[in-house]
Amino acid sequence: MSLPKGSDFVPPWPLRSGHVQTMLSSSGVRRRLLPKRAHKVQENAHEVLIDVGQGDRLSGRYTAQTTGAESRGLAILFHGWEGSVDSTYVLQTGSRLLEDGWDVFRLNFRDHGDSHGLNEALFHSCRIDEVVIALGEISRMFPSRAVGIAGFSLGGNFALRAAMMAPSQDIAIDYVMAVCPIIDPSEGLFSLESSAPWFYRTYFMQKWRRSLRMKQQAFPQQTYFELDELNQNMRDLTRSLVLRHTDFGSLEAYLDGYSVAGDRLMGLHVPATILTSRDDPVIPVAAFDQLRLPPNVELDITKYGGHCGFIRDFSMTSFTDDYIAARFDAIRR
């Protein structure tokens, strides 16, 4: 049985705009229009706190499949920046995998979802070690025949890096899927500022500022930022927080710290797929064209889809549901 390809995705003409796809992907309109089955993974989900060392914890939700057959394995899902375990794309993917007989674990990164009060130190995108530790703990708590990871946007970047590091920590990962992952953070950050329409910057900055205020409220004894820093643009606010809360010494060193550009994924030995679109207005496709990848990594670039959209039709369901499910299911064939 052949697997679906990105070239199979041809939405009706009103949905062929990358901007329309991107805006609809996280919109409240889409959430309301999605069929009830897209929220199935929230039913009977158990909250789990994961000890990642030094008193820090990450939160997540675990849902066991109920098909009546033996579980296919464990699917671990990573949301994007300022998303959460309840982001629309996470729920939809998780619900689809649940239908196919996968147990599903949705992980919140530090300071995402409702987890701002769990840890005093601030989230940043180079906190990969705690995510790898979480993978090991999740695998230990919910042992399974197979483990697959799917991540979206920044979560896709985390998924690829975690899969590279997992073997050295004796964590068995059978497959990794990255949808529209951040490849070159410096290029992506500059793209949002210089070439992406203003409403993307406004959207991300509003969510980020809200998250930072929630963090400050959770730990009022700390000074995470000065009030005037919140009025800075994305690049300058990132620089301020990097210099205040990390040891990187510069914005450039920090961005390079979570880059997977060029040949950095040559060390990825887990079977993997990277799916993105040429009309993604958030993450420039040029970085994908310049990747050097090992034979076990599949790169699939669609013509349409926007950023983590891939909305099939006016049912608001996503092409990625079947795409991801087919590749996860192939693990167990």
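The values are calculated or read from the model by the stated rules, or taken from the named source; none is laboratory data. Keep in mind that what you see is a predicted model, and the values were worked out from it rather than measured. As a convention, Cβ positions derive from the backbone with ideal geometry for all residues, glycine included, and neighbour counts pool all protein chains shown. Heads up: the accessible areas ignore ligands, DNA and RNA and are worked out on the full protein's heavy atoms, side chains in. Shrake-Rupley method; radii C 1.70, N 1.55, O 1.52, S 1.80 Å.
For the reader, a short list of remarks on this structure follows.
- Carbon + sulfur, % of accessible area of the chain - ligands and nucleic acids excluded, 1.4 Å: 51
- Shape category assigned to region 1-47 from the gyration tensor of Cα positions, a/c cut at 1.5: oblate
- Region 278-324 and region 83-105: distance between their alpha carbon centers, rounded to Å: 18
- The mean sequence separation of alpha-carbon pairs under 8 Å and at least six residues apart, normalised by the residue count of the chain, gives a relative contact order of 24 percent.
- Based on DSSP H segments of at least four residues, each scored -39500 (n - 2.57), the chain has a per-residue ellipticity at 222 nm of -11000 deg cm²/dmol.
- Trypsin sites (Lys or Arg not before Pro) within region 1-77: DSSP coil, no more than 12 neighbouring Cβ in 10 Å: 5
- Cα gyration tensor shape of region 122-232, rounded if a/c is under 1.5, else prolate or oblate by comparing a/b with b/c: oblate
- For trypsin sites (Lys or Arg not before Pro), the sites in region 135-204 that DSSP calls loop and that have at most 15 other Cβ atoms within 10 Å are 145.
- Longest site-free stretch - the chain; sites: GluC sites (Glu not before Pro), DSSP loop, at most 13 other Cβ within 10 Å: 227-333
- Our summary gives region 185-304 a relative contact order of 26 percent, counting only alpha carbon pairs under 8 angstrom and 6 or more residues apart.
- Anisotropy class of region 42-181 from Cα gyration tensor, a/c 1.5 cut: rounded
- The residues of the chain have, on average, 42 Å² of accessible surface per residue, using a 1.4 Å probe with all protein chains present.
- Compactness ratio for region 1-92: Cα radius of gyration over 2.2 N^0.38 Å (N = residue count) comes to 1.37.
- Shape summary: region 257-324 maps onto an equivalent ellipsoid whose semi-axes, from the alpha-carbon gyration tensor, are 24, 14, 9 Å in decreasing order.
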